[in-house]
Amino acid sequence: MLADRTTLTQYLIEERRRYPGASGELNALILDIALACKAISRAVAHGALGGVLGNAGTANARDETPKKLDVVANDLFVRCNEWGGHLAGMVSEEMEAPFEIPAQYPRGRYLLVFDPLDGSSNIDVNVSVGSIFSILRAPNPGASAAVTDFLQPGSRQVCAGYAVYGPSTMLVLTVGTGVHAFTLDPLLGEFILTHPNLKIPHVTSEFAINASTSRFWEPAVRHYVDECLAGKPGPRGKDFNMRWIASLVAETHRILMRGGVFMYPHDARNAAMAGRLRLLYEANPIAFIVEQADGRASTGRERVLEMAPADLHQRVAFIFGSRTEVERLEQHHRDHNLREYDAPLFGVRGLFRAAI
Ligand code: MN
Ligand code: MN
């Protein structure tokens, strides 16, 4: 049954052969990350039977109450990756400061940045969750990483990926040579290449946004969504579908598989906060994957991968997916954000009322 199949290990070794100078350390690191994802997949699959549902009970440093599985997943990432000698340091959404590689292990030449469990509000209702990771080069290989070492623009990532724990577990990966997806064979315990060279279609009629926050949106985003909702008789000339899973990994996976656009825009609830999603743990790795799949990833104002991070836990507005839709949204940010948009979505002069 494996005769015409490629495992993750085989894919990585064949990829490395194309670059004679490569050391193989990156491959070993990716396989350690894949092991963490397999272990998390097992914990997620056991669900209530494993006693891992519900809150961990202790608020973290950012006053969010992590789920038990957030803590379990973070620990699995740390344990699988601390000993290999490939890392100078790692940091995650769940850790206030970078994790110091224990003294007994050598420091390596890479940095690992991760969101151990994305979409964790979905755990207790048995909806897909995932893990997101990003690998950077350590500015000081062989030495313990400092906080500033992690503050590199996303364009410097050497690898990014995510695992989605859905009806099947998949690992989606880029090392800068396209995006490839592997499906976990749970009996073999191996990721098998099932979706080589994923490309996001440029044209779509599906968008994803949390519409309950529409009253806080900027004019550019309201304008875009209104155009979509106007459907066939509207300026877009076609009907759109809306999706919202509230799990970034699951939204990304759908968009990679069949196109679409995802928006978590800046909104006026907290003007000081640029957005909701984290630049290092979420936006950068997803943006790298999306661009490698021929899509586009933006804050609406700039390309995500060009942003210079100022803080480990920095948040950004995040818009990504099918190229033509993201470009349209960027154009709207240039054209429609300067004055107040006068057709609020559910307001008196909005499309719904106007159509009556
Ligand atoms: Mn997340
Ligand atoms: Mn998370």
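The values are calculated or read from the model by the stated rules, or taken from the named source; none is laboratory data. Because the structure is a prediction, the values reported are computed rather than measured. Note: ideal-geometry Cβ built from the backbone for every residue, glycine included; neighbour counts use all protein chains shown.
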- Name the pairs: first residue in the range 289-309 and within 15 Å of Tyr162 (Cβ to Cβ), second residue in a loop (DSSP other than H, G, I, E, B), Cβ to Cβ under 6 Å, at least 6 apart or on different chains? Ile289/Val179; Gln292/Gly178; Gln292/Val179; Ala293/Val179; Ala293/Leu198; Ala293/Lys199; Ala293/Ile200; Gly295/Ile200
- Query: Quick check: is even one residue across the range 56-73 in the same structural domain as Ser134 (by TED's automatic domain parsing), in contact with a Pro (Cβ under 6 Å, 6 or more places away or on another chain) and closer than 21 Å to Phe191 by Cα?
  - Reply: yes
- Query: Any idea which of (1) touching a strand residue (DSSP E or B) at 6+ places or on another chain (Cβ under 6 Å); (2) modelled with pLDDT of 95 or more is the one Asp70 doesn't satisfy?
  - Reply: (2)
- Tell me, please, whether a residue that is without any contact (Cβ under 8 Å) to a residue 60 or more places away in the chain and loosely packed, with under 15 Cβ neighbours inside 10 Å can be found in the range 199-206. no
- Of the residues that sit in the range 73-102 and are assigned to a loop (DSSP other than H, G, I, E, B) and within 16 Å of ligand 2 (Cβ to nearest atom), which one is nearest to Leu277 (Cα to Cα)? Glu93
- Looking at the range 110-139, which of the residues that are surrounded by fewer than 20 Cβ atoms within 10 Å (Cβ to Cβ) and touching a Lys or Arg at 6+ places or on another chain (Cβ under 9 Å) is nearest to Glu251 (Cα to Cα)? Ser121
- Note on the structure: The residue from Tyr341, Tyr281 that alone is at pLDDT 95 or above and among the hydroxyl-bearing types (Ser, Thr, Tyr) is Tyr281
- Of all residues in the range 244-278, which are away from ligand 1 (no atom under 14 Å from the Cβ) and in contact with a helix residue (DSSP H, G or I) (Cβ under 7 Å, 6 or more places away or on another chain)? Gly260, Val261, Met263, Pro265, Asp267, Ala268, Arg269
- Looking at (1) touching a Ser or Thr at 6+ places or on another chain (Cβ under 6 Å); (2) without any contact (Cβ under 8 Å) to a residue 40 or more places away in the chain; (3) of a type outside the set (A, V, I, L, M), find the lone condition where Thr65 falls short. (1)
- Single residue of Pro102, Pro98, Pro186, Pro167 found to be surrounded by 14 or more Cβ atoms within 10 Å (Cβ to Cβ) and either β-branched (Val, Ile, Thr) or not assigned by TED's automatic domain parsing to the domain that holds Leu329 (or both): Pro98
- Filtered residues of the range 102-131 (kept if within 11 Å of ligand 1 (Cβ to nearest atom) and modelled with pLDDT of 95 or more): Phe114, Asp115, Pro116, Leu117, Asp118, Val129, Gly130, Ser131
- Top-ranked residue of the range 103-113 - restricted to ones that are in a strand (DSSP E or B) and more than 16 Å from ligand 2 (Cβ to nearest atom), ranked as nearest to the chain's Cα centre (by Cα): Leu111
- Could we say that Met307 is surrounded by fewer than 23 Cβ atoms within 10 Å (Cβ to Cβ), more than 15 Å from ligand 1 (Cβ to nearest atom) and within 25 Å of Glu94 (Cβ to Cβ) here? yes
- Could you tell me whether the range 16-33 includes any residue that is in contact with a helix residue (DSSP H, G or I) (Cβ under 8 Å, 6 or more places away or on another chain) and within 15 Å of Asn74 (Cα to Cα)? yes
- Flagged in the range 34-55 as part of a loop (DSSP other than H, G, I, E, B) and either buried (at least 17 other Cβ atoms within 10 Å of the Cβ) or in contact with an Asp or Glu (Cβ under 9 Å, 6 or more places away or on another chain) (or both), in numbering order, are Val52, Leu53, Gly54
- Task: Check every one of the strands (runs of 3 or more DSSP E) wholly within the range 189-285 and list those with 1 or more residues that are more than 30 Å from Leu151 (Cβ to Cβ).
- Result: 190-195, 206-208, 241-243
- Query: Just to be sure, is Ala28 touching a residue at least 40 places away in the same chain (Cβ under 8 Å) and surrounded by fewer than 16 Cβ atoms within 10 Å (Cβ to Cβ)?
  - Reply: yes
